[in-house]
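Chemist: Right, I'll just put the structure down here and ask away after.
The values are calculated or read from the model by the stated rules, or taken from the named source; none is laboratory data. All figures in this text were calculated on a predicted structure; none of them were measured in a lab. Virtual Cβ from ideal backbone geometry, glycine too; neighbours counted across all protein chains shown.
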Amino acid sequence: MNSSELRKKFLDYFEKNGHTVVPSSSLIPKDSSLLFTTAGMQQFKEYYLGKPSPFGENVCSVQKCIRTTDIDEVGDNTHLTFFEMLGNFSFGGYFKEEAIKYAHDFALNEISLPKERVYITYFKGDDEIPEDVDSKKIWQELGIAEENIFGFGRDDNFWGPTGDEGPCGPTTEIHYDLTGMPCGENCAPNCDCGRFVEIWNIVFNEFYKNKEGKFLKLERSGIDTGMGFERLLTILQNKNSVYETDVFLPIIEKLEDISNLKYNDFIKEFRIISDHIKASCFIIADGVLPSNVDRGYVLRRLIRRSIRFARNLKLEKNFFVPICEVIKNIYEKVYPEIGRNFNDILTVLEKESYKFNKTLEKGLKEFEKLILKGEFTGKHTFYLYETFGFPFELTRELLKEKNINISDEEFKKEFEKHKEISRAGAEKKFGGHGLKLGSPEIRVKDESEIQKVTRLHTATHLLHAALRKILGEKVRQMGSDITAERLRFDFSFDRKLTPEEIKKVEDLVNQKIKEGIDVIREEMPYEKAIKQGALAFFKEKYPDIVSVYSIGDFSKELCGGPHVKNTKEVGKFKIIKQESIGANIKRIKAVVE
Ligand code: SER
């Protein structure tokens, strides 16, 4: 059974049994206490709490998810940072008995897992919450042998909540016996010998855990289930690992092709690169850009990690382009955002890789120097991270090669310190507006600098609009940085501009300045702004009501400001430099006088 057939089989089965099929939600959850969507239930969280579901009481989905807590495990047979989750859910429609019957029927009859390989776990109870005797009984009545059913505690058979608070409850899980070979007398589900793999988690949402950590009984109980799609594919396709299923094999084969190396000789590298590039594609497609905080940092880490492992295979700098093509082929029918945003995906990867490769060489030299000096501490790892963008684990691995060990504690301490510093940086306010994604990075010292960067900021909008008028609408902003001296604007475009084009752009901006057009700020719902043609950089983090700056009918952009009141205040605009920072990204530096 291939991946498309399995998705369809799952959704068809539950649709036939009275569930509404709901599309996967974005990887960026509505709940701002969470970085990424990590489970199918997240988009339904409110319906467990009483809000009526527009989809009815019973729903099912195939949800794309990102989990990075196990990032160090990626490369083994089962762990991934991007994966899909098959799930059926009920908000007061049905409960334990039906949920277990559906899971049993689907697993044993629809996809015909051999009964003797199917093991069950359930919640055995603790001081606060009693044993789930009902689940055990239901499984037994369905014919699961008692010796295949095991009770576990809070760590294994209790789920949630996601985020600071929310619905949660005891679970029952299906585990699959991959090998039929116990490692010892006590070998059972949850044993880490590799015999068992957990495939389906069925959560009985009976409680609401509040911020104080109290469990309150929910008014209506709910069902939340999650089945690991890639793990199930591995079993159904008779493979040894998720990387050999049809959602990975074409990527692995492409990597063999472009590296002239064999997967079996470089398993770790092949797996990490495939997983990380795939996860990056999906994260970018949902509107995240690399940065030093939160989601952007996760993305940056995934990209940089894949580049580092690509170096072990001596891959070309643009190795990700053919890999992304393959990823697009695998997924675009199921997740059209991958096709729709494909150019953005390539451009963001290209830009990040340009940046990282540039500093990697310098950083490696610096690393060697520090080693020669003889002393290496957590501080140095931080210095390499901050100055050269070296992920901590890169430094740790480089040190290992030199037989130098540095404790995890030291790393952690420096990392925590760093996180605080960068958070504080991100929260720094400017002109009453937080630094928002899509707004340029602005650094200022005093009032006169604020005036200068405000003029440069409006000039940036004029430049963006002029580039699109002269070069076409495929020009898109990819980054912006303003200091008191100059503006710097990165945009997607596949060749250098001719001197004539540069002149035309400059003239058009100056003409708009001369026309003395008022710069108008309005607030409106995000959807309305987009409908009116306002340029939005990337959609992540835009609130429901957005601020839009218009310059006549020449320019309209979602932006946090600040801007001048009339274009006349900008002064004379001059492009001082054009650079190519990647095959698809160009950079312009300009000043105003
Ligand atoms: N929320 C549960 C999980 O993620 C079941 O979907 O495992």
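Chemist: If you take the residues in segment 64-79 that are within 15 Å of the ligand (Cβ to nearest atom) and in contact with a Phe, Trp or Tyr (Cβ under 9 Å, 6 or more places away or on another chain), which one is farthest from Asn210 (Cα to Cα)? Even if it seems obvious, please write down each step before you answer.
Modeler: Let us first name the residues in segment 64-79 that are within 15 Å of the ligand (Cβ to nearest atom), namely 64-70, 78-79.
Within this subset, residues satisfying the condition of being in contact with a Phe, Trp or Tyr (Cβ under 9 Å, 6 or more places away or on another chain) are 64-68.
Working: Lys64: 27, Cys65: 24, Ile66: 25, Arg67: 23, Thr68: 25 Å.
Of everything passing the filter in segment 64-79, Lys64 is farthest from Asn210 (Cα to Cα).
Chemist: When you go through (1) free of Cβ contacts under 8 Å to residues at least 40 places away in the same chain; (2) within 13 Å of the ligand (Cβ to nearest atom) one by one for Lys124, which number turns out not to apply?
Modeler: (2)
Chemist: With the requirement that a residue be at pLDDT 85 or above and either in a loop (DSSP other than H, G, I, E, B) or away from the ligand (no atom under 14 Å from the Cβ) (or both), what does segment 26-46 give you? Can you show your working first?
Modeler: Applying the first criterion (at pLDDT 85 or above) to segment 26-46 yields 26-29, 35-46.
Answer for segment 26-46, where residues must be at pLDDT 85 or above and either in a loop (DSSP other than H, G, I, E, B) or away from the ligand (no atom under 14 Å from the Cβ) (or both): Ser26, Leu27, Ile28, Pro29, Leu35, Phe36, Thr37, Thr38, Ala39, Glu46.
Chemist: Does Ser61 count as more than 13 Å from the ligand (Cβ to nearest atom), among the small types (Gly, Ala, Ser) and either farther than 11 Å from Gly87 by Cα or in contact with a strand residue (DSSP E or B) (Cβ under 9 Å, 6 or more places away or on another chain) (or both)?
Modeler: Values: more than 13 Å from the ligand (Cβ to nearest atom): no; among the small types (Gly, Ala, Ser): yes; either farther than 11 Å from Gly87 by Cα or in contact with a strand residue (DSSP E or B) (Cβ under 9 Å, 6 or more places away or on another chain) (or both): yes.
Answer is no for this residue.
Results for (1) in contact with a Leu (Cβ under 7 Å, 6 or more places away or on another chain); (2) modelled with pLDDT of 70 or more; (3) of a type in the set (Lys, Arg), shown as yes or no for each residue.
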{"position": "Gly363", "(1), (2), (3)": "yes, yes, no"}
{"position": "Gly374", "(1), (2), (3)": "no, yes, no"}
{"position": "Leu384", "(1), (2), (3)": "no, yes, no"}
{"position": "Thr395", "(1), (2), (3)": "yes, yes, no"}
{"position": "Gly431", "(1), (2), (3)": "no, no, no"}
{"position": "Gly438", "(1), (2), (3)": "yes, no, no"}
{"position": "Ile442", "(1), (2), (3)": "no, no, no"}
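Chemist: Among the residues of segment 1-16, is any at pLDDT below 95 and away from the ligand (no atom under 15 Å from the Cβ)? Working first, answer last.
Modeler: First, pick out the residues of segment 1-16 that are at pLDDT below 95: 1.
Among the residues that remain, those that are also away from the ligand (no atom under 15 Å from the Cβ) are: 1.
Checked against the condition, which is being at pLDDT below 95 and away from the ligand (no atom under 15 Å from the Cβ), segment 1-16 yields at least one hit.
Chemist: Then there is this: Please go through segment 258-269 and give me each residue that is part of a helix (DSSP H, G or I) and in contact (Cβ under 8 Å) with a residue 40 or more places away in the chain, ordered by number.
Modeler: Just the residues of segment 258-269 that are part of a helix (DSSP H, G or I), to begin with: 258-259, 263-265, 267-269.
Residues satisfying the conditions are Ile258, Ser259, Ile267, Lys268, Glu269.
Chemist: While we're here: When you check Glu449 against the structure, is it farther than 29 Å from Leu535 by Cβ, modelled with pLDDT of 70 or more and in a helix (DSSP H, G or I), yes or no? Step through it out loud before you land on a result.
Modeler: Values: farther than 29 Å from Leu535 by Cβ: no; modelled with pLDDT of 70 or more: yes; in a helix (DSSP H, G or I): yes.
It is false that Glu449 is farther than 29 Å from Leu535 by Cβ, modelled with pLDDT of 70 or more and in a helix (DSSP H, G or I).
Chemist: Only residues in segment 67-85 that are in a helix (DSSP H, G or I) count as the first member; pair them with residues that are within 16 Å of the ligand (Cβ to nearest atom) and not acidic (Asp, Glu), Cβ under 7 angstrom, at least 6 apart or cross-chain, and list the lot.
Modeler: Ile71/Thr81; Glu73/His79
Chemist: Let me ask something additional. Filter segment 231-254 down to the residues that are among the aliphatic types (A, V, I, L, M) and more than 14 Å from the ligand (Cβ to nearest atom) and list them by number. Can you show your working first?
Modeler: Of the residues in segment 231-254, the ones among the aliphatic types (A, V, I, L, M) are 232-233, 235-236, 242, 247, 249, 251-252.
Leu233, Ile235, Leu236, Val242, Val247, Leu249, Ile251, Ile252 - these are the residues of segment 231-254 that are among the aliphatic types (A, V, I, L, M) and more than 14 Å from the ligand (Cβ to nearest atom).
Chemist: Take Phe89 and tell me if it is within 14 Å of the ligand (Cβ to nearest atom) and within 21 Å of Gln237 (Cβ to Cβ). Lay out the reasoning, then the answer.
Modeler: Working: within 14 Å of the ligand (Cβ to nearest atom): yes; within 21 Å of Gln237 (Cβ to Cβ): no.
No, not satisfied.
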